[in-house]
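Visitor: Structure incoming, see below.
The values are calculated or read from the model by the stated rules, or taken from the named source; none is laboratory data. Treat the numbers as computed from the prediction; the structure is a model and nothing was measured. Glycine gets a Cβ as well: all are built from the backbone with ideal geometry, and neighbour counts include every protein chain shown. All accessible areas refer to the heavy atoms of the entire protein, side chains included, with ligands and DNA or RNA removed. Shrake-Rupley method; radii C 1.70, N 1.55, O 1.52, S 1.80 Å.
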Amino acid sequence: MKWTNTILKFSLIATCGVTVMTSSNSGTFELIDLASSKYVEKIYPLQTVDKSAPKPKKTAPKSTPSTPVAKKAKVSKAAEESLSKAAVQKVDRMNKVNDLLAFSRGDTADAVSCKNCSKASDFAEMRFNQCSPKNNYMEEALERKKTSASYLGALIRTPINKKPIIRPVCIETAMYLQSAASGPVVDYKTCSGGKSKNAPARPCVSENYFTLVNNSFEVVSQCMKNYIGEGESVAAQKQNIRTVFGMITVESGFHVNIMSKTGAGGIGQFTQPAITAVNKMISETEEYLKSHPDARCHKLANEFLAEDKRMGAKNSCDRISITEGNPVTNMIYTYAALKEATDYFDNNVFNDSKMKAKFALSADELAKIKRATMVWSHNTGYAGLKTPLTKLLTTKYAKKKVTNADTFLAELREYARSYPNKGNAGSSARIKETANYYAKIQTKLDLVEDGAAGGSCLN
């Protein structure tokens, strides 16, 4: 069984990529010793026997009854093979992710083949792209912003927080996992004179670019975590942010200037109708930020949500241009849209007297379902998810209660496929897309967390 432990231990430490990060100011993130025995034991708490050690002879006084010896745990061959196979598969998945990341960053062949994986220091620092004439088209605008008095400039100049909600290595991984060039689904864009045109490649993930994106997400998330999770526990609110991170990873890979062929643009992939809808309630978001105890939130309201600074629906550059306040503006609008989704499902499902009675869950388990509907509807539309959701509650759960959040969400996925809203039923591809959207977020989160040295992306 020692070899099984070895494989499991290797699966925890064999990440051929960035395991710790430093900022340009040499502030380091702590490297967790995942290979220590206490972590392995949590995953594989089975007894091991050292056959090389001699067994001492037991002697006991005749008057003292012998103490019964506890039987050692037995592990079936099938269980051992299952554990070993899972460990090997995880190592393989992690290596594939990190090969892709190494190639995307432009690392050497040694890094790609993982020859230096045993040297944690070789991967301790954040490695940014060496920009080329093909992908450096955002660098001039970033440098201008960096030296400006704007809040975007402050975000670029500010060293990366050592304990953010989401580990920066995860955001870096998400950025590198996005396609390196325009393709059949998405385009990268540049803006000049208020007009957009196709860019030749994904923008260079330079230090300025990454710092802006990372710090923007941290500040906006800190300011709006209670906005989308009012009354929830601290743990539930952090899980909300992790799920929003996963949603943005799916939508844009945290790239400011990405646009889909359907016209959705920016970090949160906003369409014209979505922007129009959010603008109807953005004043509420502005007031929330102004009343926040954190002064940084006041800056978000004043600099990005003043009437002349709000996102316009007609011009795509409003969604994707740094000059127009992105990525901050797009991130604020993303959270505002998620808040609207939360209110919609609270009013129509979770606070409805008949529907509410069907849930027999802890507060955190109910928060898990609410979190799923919040981000799921970003793709399906509110009514698009309400249709299968209410169908599930009024048929399968007509005479019983929801007692397991994960089971319920798996069933909702099937109902979204079998009972789609008419607005999503136009093609089998659209039905499949909407039914699988939340599962896709979970899969992408697993992929990023495997690639970012394992463990959760939450700090």
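Visitor: Please enumerate the residues belonging to region 239-250 that are crowded, with 24+ Cβ neighbours inside 10 Å and of a type outside the set (Val, Ile, Thr).
Guide: Matches in region 239-250: ASN240, PHE245, GLY246, MET247.
Here is a yes/no grid of residues against (1) surrounded by 14 or more Cβ atoms within 10 Å (Cβ to Cβ); (2) modelled with pLDDT of 95 or more; (3) not small (Gly, Ala, Ser):
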site: ASN136; (1), (2), (3): yes, yes, yes
site: LEU142; (1), (2), (3): yes, yes, yes
site: LEU152; (1), (2), (3): yes, yes, yes
site: THR158; (1), (2), (3): yes, yes, yes
site: THR173; (1), (2), (3): yes, no, yes
site: GLY183; (1), (2), (3): no, no, no
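Visitor: While we're looking at this one, here's another question. What is the number of the single condition among (1) open to solvent by less than 10 Å² (accessible area, probe 1.4 Å); (2) farther than 17 Å from THR342 by Cβ; (3) modelled with pLDDT of 95 or more; (4) assigned to a helix (DSSP H, G or I) that ASN208 does not meet?
Guide: Here ASN208 clears every test but (1).
Visitor: Return the pairs, sorted by first residue and then second, in which the second residue is part of a helix (DSSP H, G or I) and at pLDDT 95 or above, the first residue lies in region 333-351 and is acidic (Asp, Glu) and crowded, with 23+ Cβ neighbours inside 10 Å, the beta carbons are less than 6 Å apart, and the residues are 6+ apart or on different chains.
Guide: none
Visitor: Kindly check whether there is at least one residue in region 404-424 that is open to solvent by less than 60 Å² (accessible area, probe 1.4 Å), assigned to a helix (DSSP H, G or I), in contact with a strand residue (DSSP E or B) (Cβ under 6 Å, 6 or more places away or on another chain) and hydrophobic (A, V, I, L, M, F, W, C).
Guide: So far as region 404-424 goes, yes, one or more of its residues are open to solvent by less than 60 Å² (accessible area, probe 1.4 Å), assigned to a helix (DSSP H, G or I), in contact with a strand residue (DSSP E or B) (Cβ under 6 Å, 6 or more places away or on another chain) and hydrophobic (A, V, I, L, M, F, W, C).
Visitor: Next question, about the same structure. Out of region 241-296, which residues are of a type in the set (D, E, K, R), over 25 Å from the mean Cα position of the chain (by Cα) and assigned to a loop (DSSP other than H, G, I, E, B)?
Guide: LYS280
Visitor: Do you know which residues across region 297-314 are over 19 Å from GLY153 (Cα atoms), open to solvent by 30 Å² or more (accessible area, probe 1.4 Å) and either in a helix (DSSP H, G or I) or of a type in the set (Gly, Ala, Ser) (or both)?
Guide: Within region 297-314, GLU307, ASP308 qualify.
Visitor: Test LEU458 against the stated conditions and say whether it is out of contact with any Gly (no Cβ under 6 Å at 6 or more places or on another chain), of a type in the set (A, V, I, L, M, F, W, C) and within 18 Å of LEU177 (Cβ to Cβ).
Guide: no
Visitor: Another question about this same structure. May I ask you to list the residues in region 264-303 that are closer than 16 Å to SER221 by Cα, in contact (Cβ under 8 Å) with a residue 40 or more places away in the chain and of a type in the set (A, V, I, L, M, F, W, C)?
Guide: Residues satisfying the conditions are ILE267, LEU289, CYS297, LEU300.
Visitor: Let me ask something else. Can CYS223 be described as assigned to a strand (DSSP E or B) and in contact with an Asp or Glu (Cβ under 9 Å, 6 or more places away or on another chain)?
Guide: no
Visitor: Within region 226-240, can you find the residues that are part of a helix (DSSP H, G or I), free of Cβ contacts under 8 Å to residues at least 12 places away in the same chain and farther than 17 Å from ALA301 by Cα?
Guide: Passing the criteria: only VAL234.
Visitor: Here's another thing I want to ask about it. GLU140 fails exactly one of the following numbered conditions: (1) over 27 Å from ASP450 (Cβ atoms); (2) free of Cβ contacts under 8 Å to residues at least 60 places away in the same chain; (3) assigned to a loop (DSSP other than H, G, I, E, B). What is the number of that condition?
Guide: (3)
Visitor: Return the only residue of ASP364, ASP308 being touching a residue at least 40 places away in the same chain (Cβ under 8 Å), more than 15 Å from ALA274 (Cβ to Cβ) and among the acidic types (Asp, Glu).
Guide: The match here is ASP364.
Visitor: Within region 315-338, track down each residue that is touching a Lys or Arg at 6+ places or on another chain (Cβ under 8 Å) and assigned to a loop (DSSP other than H, G, I, E, B).
Guide: SER316, GLY325, ASN326
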